[in-house]
Amino acid sequence: MVYDLHCHSNASDGELSPLQLVSRAIDKGVRVLAITDHDTVAAYTCLDNRYDKDYLTLIPGIEISAVWRRQSIHVVGLNINLHLSQLAEIVQSQAQVRECRARMIGDKLAKRGINDAYEEALKLADGGMIGRPHFAQFLMSSGYVKSLDEAFNRYLGDTKLSGLNKNWPDLEQAVGWITDLGGIAVLAHPNKYKLTRTKLHQLLSDFKTAGGQAMEVISGSQTPDVTDNLADVCISFDLYASCGSDFHSPQQQWIELGKFSNLPKKCRPVWSLWET
Ligand code: AMP
Ligand code: MN
Ligand code: MN
Ligand code: MN
């Protein structure tokens, strides 16, 4: 059984429409999929029943942007209730933070001689949640950089855009939102934050105290020693384990829906919380 519990559609910074994403997941043999767009659940309203429900089970999801001790972090919410009115409020409040941040990015780029970045990024977001990848795309297509990596390294990384994270909700708030929506809070891609072991343990301890229940032990392709280490951390904090590709686009050929190793047997999979 292939579970992919982390991926993106063009409702945020992914390339594919929700329906294209779901079709590709089915093509790749994924049987349980969570679309976890950044701060939005718009993908779910586009899908209705237009996919093979006998083959694929969709788990309603979201990836909330948050901050912990000035470090930007992501908390995935799985199996959230899409029909609660708080959800619309949460999405709207996150959209405001994104909008304001995008304008600030535009201003910063203008100071470096790059004009109209906000307007161009907004066009690329095309009504979806605007994010740094839309700026990166603009910087690439306008010839300022040659790759997304270069865009992040030279213009868009956390260190280049200091002060950018201060408006995100804190960890407790983000976890609280997900719990209030009836969902399971999952710490996304712990390895991406480049934290020391001690800091990661502090983060997980705070996450647990806030009501977090799971962490991603697998995020895309990673080395077996990373998996083994994260599995041990997951067990030591008595958390459930999740896995996902964090797929954004078919152009990133090294990341594919459903393509990652199995969760280590020693972990309790997060889906045991909703499968009985
Ligand atoms: P944002 O949600 O606006 O903070 O942008 C973060 C998103 O940018 C992540 O979810 C990734 O999709 C993307 N991203 C982050 N770092 C890089 C990078 N070095 N190269 C390409 N994309 C990146
Ligand atoms: Mn993204
Ligand atoms: Mn993320
Ligand atoms: Mn993601």
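Below is a table of values for the structure above.
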item	result
Asp54 among the charged types (D, E, K, R), within 18 Å of Ile178 (Cα to Cα) and at pLDDT 95 or above	no
Failed item, numbered, when Pro18 is tested on (1) touching a Cys at 6+ places or on another chain (Cβ under 7 Å); (2) within 25 Å of Ala210 (Cα to Cα); (3) not basic (Lys, Arg)	(2)
Some residue of region 137-150 being on the phi > 0 side of the Ramachandran plot, touching a helix residue (DSSP H, G or I) at 6+ places or on another chain (Cβ under 9 Å) and free of Cβ contacts under 8 Å to residues at least 24 places away in the same chain	no
Hits in region 234-262 (condition: open to solvent by 10 Å² or more (accessible area, probe 1.4 Å) and under 19 Å from Val75 (Cα atoms))	Ile235, Phe237, Asp238, Tyr240, Asp246, His248
Yes/no for Gly61 being within 21 Å of Leu273 (Cβ to Cβ), within 15 Å of ligand 1 (Cβ to nearest atom) and not hydrophobic (A, V, I, L, M, F, W, C)	yes
Out of Arg98, Arg112, sole residue that is in contact (Cβ under 8 Å) with a residue 24 or more places away in the chain, within 13 Å of ligand 2 (Cβ to nearest atom) and not assigned by TED's automatic domain parsing to the domain that holds Phe247	Arg98
Selection within region 86-143 - polar (S, T, N, Q) and in a helix (DSSP H, G or I)	Gln86, Gln92, Ser93, Gln94, Gln96, Gln137, Ser141
Residue in region 86-98 that is open to solvent by 40 Å² or more (accessible area, probe 1.4 Å) and farther than 30 Å from Ser205 by Cα present	no
Filter result for Gln202 (at negative phi, open to solvent by less than 80 Å² (accessible area, probe 1.4 Å) and away from ligand 3 (no atom under 16 Å from the Cβ))	yes
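The values are calculated or read from the model by the stated rules, or taken from the named source; none is laboratory data. All of these numbers come straight from a predicted model, not from anything done at the bench. Positions of Cβ are generated from backbone atoms using ideal geometry, with glycine treated the same way; all protein chains shown enter the neighbour counts. Surface accessibility is based on the protein's heavy atoms, side chains included, excluding ligands, DNA and RNA. Shrake-Rupley method; radii C 1.70, N 1.55, O 1.52, S 1.80 Å.
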